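The values are calculated or read from the model by the stated rules, or taken from the named source; none is laboratory data. All of these numbers come straight from a predicted model, not from anything done at the bench. Here Cβ is always computed from backbone atoms with ideal geometry, including for glycine, and neighbour counts include all displayed protein chains. Only protein heavy atoms, including side chains, enter the accessible area calculation; ligands, DNA and RNA are left aside. Shrake-Rupley method; radii C 1.70, N 1.55, O 1.52, S 1.80 Å.
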Amino acid sequence: MTSKEKILNAVREAVGKIQPLPSAIEGVMPEDRLDRYKTSLTKAGGTWFQAHGADWDSTIHSRFPGAAILSLDSRIKGTIEANSFTEPHALQSVEVCVLPCRLAVSENAAHWVTDAALPHRVLPFICQHLVLLLDVNSIVPTMHEAYAQIDLSSCGFGVFIAGPSKTADIEQSLVIGAHGPRSFTVCLIAE
Amino acid sequence: MTVHAEKAKQFLSDRERARWHDETLWLVRTKRDAAAFLVPEWEQLRDAASQIKRHVLDHLDDYLIQFEQNARANGVEVLWAADAAEHNNQVAAILKKHGVSRLVKSKSILTEECRLNEYLEHQGVEVIDTDLGERIIQWLGQPPSHIVMPAIHLKKREIGNLFHEKLGTKEGAEDPQYLTEAARQHLREKFLTAEAALTGVNFGIAKTGGFVVCTNEGNGDMGVHLAPVHIASMGIEKLIPRAQDLAVFTRLLARSATGQNITTYTSHFQKPRPGTHMYIILVDNGRTKQLKSPVFRESLKCIRCGACMNTCPIYRRSGGFSYGSTVPGPIGSVLSPNIDLTAYSSLPFASTLCGSCSDVCPVRINIHEQLYEWRQVITKNVRQPVLKRMSMRMAGFIFSNAWMYRIAGWKIRLFLRWLPGSWSRKLAMAWGRARELPEVPRESFHTWYRKNRK
């Protein structure tokens, strides 16, 4: 008997097939969606700025002067080209990565990014600083609405990113910038 | 003294340190409260999570088959391991097949349970734990003392000394920012040169065949997106039915664990990167045995958040190492006796049954009631200390007869009134060590009632 059969047989002896699935839960968002999003983002160690279209590019460049910027959003000019990276390991030279974001969650400032938008999956993790462009109308209240919009089977990999990488493993002191990006900036678009 | 009591005594011998540990864990509990109170439907989420997990466990064979089918359709290879040894063999075989001698690992309590690191090192594989806390304890040769914060028992001074020795950081430096930066540089090199990466699985989704890994540091992703081989070790109880169910669990997990609204990264794996290999190993290792028990199967709902540990007054004041089990604290005391009843027989007794753990459990496991149930099983099967056996027998005899009870009460009250305080504390043994005995009443309640209420 294979281990699969052994395990499934043991499970079959134990299950009763009585317990039902509960009905769906609806998220509750008592406050203004955008306000709560900003609070959540700040709590997670991220920052945001709101500017007019013409200023997005200059704001980002002024925040990261002289940096190697890889932009996958046509609205922002990068300083290095995406197709110059054939190997994911080469992306370690990317200092700032700019990505468009089409879905974010108010209650926890989680931002959905999939491999459909990335030359390599490691990009949003290996860069030193991550910048996302987000339309405020793309912010949903809770994870329930977020998962309703996502089709997991349409991508090979997807991730909710909620802020810069962090750790508190050294005597519970919060350190921003663990193995992933050291900072997380959102350019909020409201036009 | 029982195993836990003995180790707890050692832990408490450094009072200052024990107090610091207690306060540190309690602070995490308060963060959990602050985050939970901001979610108006928090209790409904707990109900839903409990019900979803119960449903999955009650249909586990169907969901396991569905999960395997869908994962295979995504190009992921699925293996089944009946026990820890088989799991370890399978990991070693995969690594050998791909010529891997260097493996990076993100946090997986399951692999701690299976003692994977030791096994692989014997096989000549270099294993690098990449979660900062795990790397620290790996260097110290210690097991994790908490399932979410593995190095919570260590002070930054000690970590500073360790990093000075291992990474060449400045002697005496203990600034967490500085130390973390050194670890970042060190581990980045490991990520870039790893030949395979292993992760745990927080949730497996039966309907899509995919799985989710939650981290704050980004170490899981840095490993798997650079290495050509990704192995995911998964306990069979980690399944949930559909993607939408993730909403319930992602809303509960981080808030319960650390008080964050969500972990920094919630990574959803469906298919391997083109040209790479992905494996899922489904592990039983005693879980089907727990499933067969109608009482103890509830503990399989556990999502490994650690909230029960943060709140437990015994865990806070005795530390993870006092339990001697892979998973310590309240849930560990319910899971471990299933693995070895005798070795872990003291754990369900390391509790006042206060119920705080059940209060905070996001999936509504009635942990304190399970601890009580385990006590029944243990006292029937594992020889208890002679003093306990005798005193329980005597108490049972006295309580079964109203006259015996009244006479015994009268004699004890007399005796204690006569005995000097320091002596009665000694008689109370462990109970008298840090407590004053209550004042002995003049008469029994029975006598008072007859006089005043009849």
Inset, instruction - Quick one: plug the Kirkwood hydrodynamic radius of region B:349-419 (C-alpha pairs) into Stokes-Einstein at 25 °C, 0.890 mPa s, and report D in µm²/s. - result: 162
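Give me the percent of the accessible area of region B:174-309 that comes from carbon and sulfur atoms, probe 1.4 Å, all protein chains in place.
Details: 1620 of 2950 Å².
Ligands and nucleic acids excluded, carbon and sulfur reach 55 percent.
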Legend entry - Hydrodynamic radius by Kirkwood, which averages 1/r over all alpha carbon pairs of region B:244-297, in angstrom: 14.7
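Students often get this wrong, so check it: of B:Lys7/B:Lys426; A:Lys43/A:Lys166; A:Lys4/B:Lys292; A:Lys166/B:Lys53, which have C-alpha atoms separated by over 19 Å?
Values: B:Lys7/B:Lys426 21 Å; A:Lys43/A:Lys166 12 Å; A:Lys4/B:Lys292 17 Å; A:Lys166/B:Lys53 30 Å.
Result: B:Lys7/B:Lys426; A:Lys166/B:Lys53 exceed 19 Å.
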Inset, instruction - Any cysteines in the protein assembly as shown with zero other Cys Cβ atoms under 4.7 Å from their Cβ? List them, or say none. - result: A:Cys101, A:Cys155, A:Cys187, B:Cys114, B:Cys214, B:Cys302, B:Cys305, B:Cys312, B:Cys354, B:Cys361
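Fully extended, how many nm does the chain gain between B:Arg453 and B:Lys292 (0.36 nm per residue separation, minus their Cα-Cα distance)? It would help to have the intermediate numbers written out before the result.
Details: separation 161, 0.36 × 161 = 57.96 nm, distance 5.18 nm.
Full-extension gain reported as 52.8 nm.
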Legend entry - Peptides B:193-201, B:61-69, A:76-84, B:352-360 ordered by average Cβ neighbours within 10 Å, highest first: B:193-201, B:61-69, B:352-360, A:76-84
Legend entry - region B:50-90 versus region B:176-221: alpha-carbon centroid distance in Å: 22
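For B:Arg72 and A:Glu13, FRET efficiency with R0 = 30 Å and r from the beta-carbon atoms, rounded to 0.05? Display every interim value, and only then the final one.
Values: r = 25 Å, r/R0 = 0.84.
After rounding to 0.05, the efficiency reads 0.75.
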Legend entry - Part-to-part distance (alpha-carbon centres) for region A:107-166 and region B:321-363, which is given in Å: 37
Legend entry - aspartates and glutamates whose Cα lies under 17 Å from that of B:Lys454, excluding same-chain neighbours fewer than 8 positions away: B:Glu443
Legend entry - Quotient of Cα Rg and 2.2 N^0.38 Å for the protein assembly as shown, N being how many residues it contains: 1.05
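Of the beta bridges DSSP finds with both residues in the protein assembly as shown, what % are antiparallel, to the nearest 5?
Working: 21 of 68 bridges.
Looking only at bridges with both residues in the protein assembly as shown, the antiparallel portion is about 30 percent.
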Legend entry - Length released on extending from B:Thr24 to B:Trp431, taking residue separation times 0.36 nm less the Cα-Cα span: 144.0 nm
Inset, instruction - Using label points projected 7 Å from each Cα along Cα→Cβ, tell me how many nm separate B:Glu439 and A:Arg102, to one decimal. - result: 7.5
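Find the relative contact order for chain B and round it to a whole percent, using C-alpha pairs within less than 8 Å whose residues are 6+ positions apart.
Numbers: 701 pairs, mean separation 92.2, N = 454.
Once normalised by length, the contact order is 20 percent.
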Legend entry - Helix-only [θ]222 nm of the protein assembly as shown, DSSP H runs n ≥ 4, -39500 (n - 2.57) each, per residue, nearest 500: -13500 deg cm²/dmol
Inset, instruction - Using only protein heavy atoms and a 1.4 Å probe, report how much of A:Leu8 is accessible, in Å² to the nearest 10. - result: 10
Inset, instruction - Name the residue, out of A:Cys127, A:Cys97, A:Cys155, whose mean-square fluctuation peaks in a Gaussian network model built on chain A with Cα pairs under 10 Å. - result: A:Cys155
Inset, instruction - Please work out the Kirkwood hydrodynamic radius for chain B, using every pair of different C-alpha atoms, and report it in angstroms with one decimal place. - result: 24.3
Legend entry - log10 of Debye I(q)/I(0), alpha-carbon scatterers only, for region B:40-147 at 0.22 Å⁻¹: -1.17
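Take the Cα pairs of region A:1-48, get the Kirkwood Rh, then feed it into Stokes-Einstein at 25 °C and 0.890 mPa s and tell me D in µm²/s. Write down the numbers at each step before the final one.
Numbers: Rh = 15.7 Å.
It diffuses with D of about 156 µm²/s by this estimate.
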Legend entry - Relative contact order (%) - criterion: Cα under 8 Å, at least six apart; region: region B:73-154: 23
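Apply 1/(1 + (r/R0)^6) to the Cβ-Cβ distance of A:Asp135 and B:Glu43, taking R0 = 41 Å, and write down the FRET efficiency to the nearest 0.05. Walk me through the intermediate numbers first.
Values: r = 34 Å, r/R0 = 0.82.
Here the calculated transfer efficiency is 0.75.
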Inset, instruction - Give me the accessible area per residue for chain B, probe 1.4 Å, as a whole number in Å². - result: 43
Inset, instruction - For region B:135-278, compute the number of Lys pairs whose alpha carbons are separated by less than 26 Å, excluding pairs fewer than 8 positions apart on the same chain. - result: 12
Legend entry - Of every Cα-Cα pair in chain A, the percent that sits beyond 23 Å: 52
Legend entry - Per-residue mean of C-beta atoms belonging to partner chains within 10 Å, peptide B:209-222: 6
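How much net charge surrounds A:Ser71 when only the other residues with a Cβ under 10 Å from the Cβ of A:Ser71 are counted, with Lys and Arg +1 and Asp and Glu -1?
On the way: positive: A:Arg75, A:Lys77; negative: A:Asp57, A:Asp73, A:Glu81.
That sum, taken over residues with Cβ under 10 Å, equals -1.
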Inset, instruction - Considering only protein heavy atoms, with the full assembly of protein chains and a 1.4 angstrom probe, order A:Lys38, A:Lys17 by accessible area, largest first. - result: A:Lys17, A:Lys38
Legend entry - Two-site FRET efficiency, A:Glu31 against B:Arg317, from Cβ-Cβ distance with R₀ of 35 Å, rounded to 0.05: 0.35
Inset, instruction - Give me a single rounded figure for B:50-63: the average over its residues of other chain Cβ atoms within 10 Å of their Cβ. - result: 5
Inset, instruction - Give me the accessible area of B:Ser345, 1.4 Å probe, in Å² rounded to the nearest 10. - result: 20
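Quick one: buried accessible area between B and A, total over both chains, 1.4 angstrom probe, nearest 100 Å²? Please report the intermediate quantities before stating the final value.
Details: alone 23060 and 11520 Å², together 27640 Å².
Buried: approximately 6900 Å² between A and B.
Looking at region A:1-111, what % of the alpha carbon pairs are farther apart than 18 Å?
Details: 4306 of 6105 pairs.
Tail of P(r) above 18 Å: 71 percent of Cα pairs.
In percent, how large is the relative contact order of region B:326-454, given Cα pairs closer than 8 Å and 6 or more residues apart? Walk me through the intermediate numbers first.
Working: 74 pairs, mean separation 19.4, N = 129.
It rounds to 15 percent for region B:326-454.
About its Cα centre, what dipole magnitude does the protein assembly as shown give when the only charges are +1 on Lys and Arg Cβ and -1 on Asp and Glu Cβ, stated in debye to the nearest 20?
On the way: 77 positive and 65 negative charges, 762 e Å.
Computed about the Cα centre, the dipole is about 3660 debye.
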